[in-house]
Amino acid sequence: MKKFFLCLFVLLSFSIFAGITTDGKPHFDKMIGRKIDYPDTADSFKIVKKGNSYKLIYYGYDPETQKSSTETSTLKVYKNIYLIDKYGIVYGYDTAKKKVAFLRENLEVIYYED
């Protein structure tokens, strides 16, 4: 039984600390203008700065109709170093991997850009 709880604790600690490496600075400039593909789809996005706000430009493609679409939404600054969209997806820059990361609101990594 002790081994079970020890294994459970180790597994939970990995998922709790599975965040990105950051130096506490926003690094928004490193996320701006990069076209990033969403995993397993033909869709992509780009983060741009317009004035004092950040926008996410979504580029969608529907393979059934073979039509492309574009949608723009506003991102909010989250915890002073991340950007968050209206769906709760957090975008941050991992300083160790030098990649943009998709995160949950608890800052657990969902996916890194390719």
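What you get for the stretch 34-114, charging only the Cβ of Lys and Arg (+1) and of Asp and Glu (-1), is a dipole of about 580 debye around the Cα centre.
Straight-distance candidates among the lysines for linking to Lys67, with alpha-carbon spacing under 26 Å and chain neighbours fewer than 8 residues away dropped: Lys35, Lys46, Lys55, Lys86.
With K and R counted +1 and D and E -1, the other residues having a Cβ less than 14 Å from that of Asp37 yield a net charge of 0. Take each peptide in 35-42, 100-107, count the other Cβ atoms within 10 Å of every residue, and average; sorted highest first, the result is 100-107, 35-42. Near the amide H of Arg34, within less than 5 Å, lie the amide hydrogens of Ile47, all on another chain or at least 5 residues away, with H placed in the peptide plane.
A short reminder: the numbers here are calculations on the coordinates, not readings from a lab. Just so you know, these numbers come straight off a predicted model, no measurement behind them. Don't worry about glycine lacking a Cβ; one is built from the backbone with ideal geometry, like all the others, and counts go over all protein chains shown.
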